[in-house]
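Here's the structure, in structure tokens; my notes come after.
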Amino acid sequence: MGFWDGLRPRRAAQFDAGTSATSSIVLTRRNATISLDKQGALSGNLRVNLSWRMRTSDIGGRARQGGRLLRPLKLFQPDVVQAHTQGMVNVDLDLGCMYELTDGTKGVVQPLGNLIGDLNGPPYIRLSGDDRFGAPSGETVYVNLDQREAIKRLLFFVYIYDQTPAFDRTHAKITLYPGNGPRIEIELDERAPQARSCAVFTVENVKGEMVVRREVKFVYGFQSELDRMYGFGMQWGRGYKTRA
């Protein structure tokens with residue numbers, strides 16, 4: 001293999017799977033669905049984690065990117081990480097989940113309005129923590145798969161609380177950790193400078209089989225617009241967070 005061949009992207013496999021050490025499956029546009037049942041995740045808690053960081057390429061501006069194209073050997077030099085400006089630090093991504101149960105109950109679990117849910121009772125979904133600063137632990141929502149028969153469908157979404165569009169300045173990733181089997185990763189890798197919300201993935205109970213589908217659809221509104229897209233039919237009002 002030539003020197004420059006290592007820089008060329010390789011053709012994607014059926015799933016972008018990690019090594020045995022990472023044991024992960026990446027959902028992409030071409031390979032957007034996976035069955036939790038076929039992965040052996042039949043019970044226990046499904047842990048859904050949102051994590052993000054600032055894009056280092058944006059800290060120094062676009063001029064530095066252009067310079068690297070003119071001098072390709074600079075690709076192998078590490079970035080000089082500069083301090084974030086106050087505007088960059090003030091990015092608050094939140095993880096939420098709209099749900100519909102088999103008895104017709106609909107609702108949402110999210111930090112906004114302190115709607116944290118319940119893991120042992122309906123809706124069998126619970127939010128754990130609210131990360132407002134992009135900490136490594138991120139935000140996590142748990143789904144009780146022992147109660148899978150009560151769940152009809154779920155929509156996991158991410159939104160920007162402070163109403164400042166910043167999806168193009170953050171690198172966000174959703175990771176699903178089933179009770180058994182490999183973790184599942186979905187990256188919000190599309191630039192959407194003006195978007196304020198993103199439908200990331202759905203979980204649907206299809207004849208008893210829990211199927212995950214990658215969505216990654218950015219919208220310029222908030223939860224009500226995502227609701228209209230997916231037909232939950234809920235009423236929405238203005239909500240606030242409690243002070244940290």
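Read the figures in this text as sums done on the coordinates, not as results from a lab. Predicted model, so just to flag it, every value in this text is computed and none were measured. When we count neighbours, we look across all protein chains shown, and the Cβ atoms used for this are built from the backbone with ideal geometry, even at glycine.
Among 141-148, 185-192, 209-216, how do they line up from the highest to the lowest mean number of other beta-carbon atoms within 10 Å?
Sorting 141-148, 185-192, 209-216 by mean packing, highest first, produces 141-148, 209-216, 185-192.
What nm value, rounded to one decimal, do you get for the distance between Ser43 and Arg30 when each label is placed 7 Å out toward the C-beta?
The two pseudo-label positions are separated by 3.8 nm.
Pairs Lys106/Lys207; Lys38/Lys152; Lys173/Lys217; Lys152/Lys173: which exceed 22 Å Cα-Cα?
Too far apart for the 22 Å limit: Lys152/Lys173.
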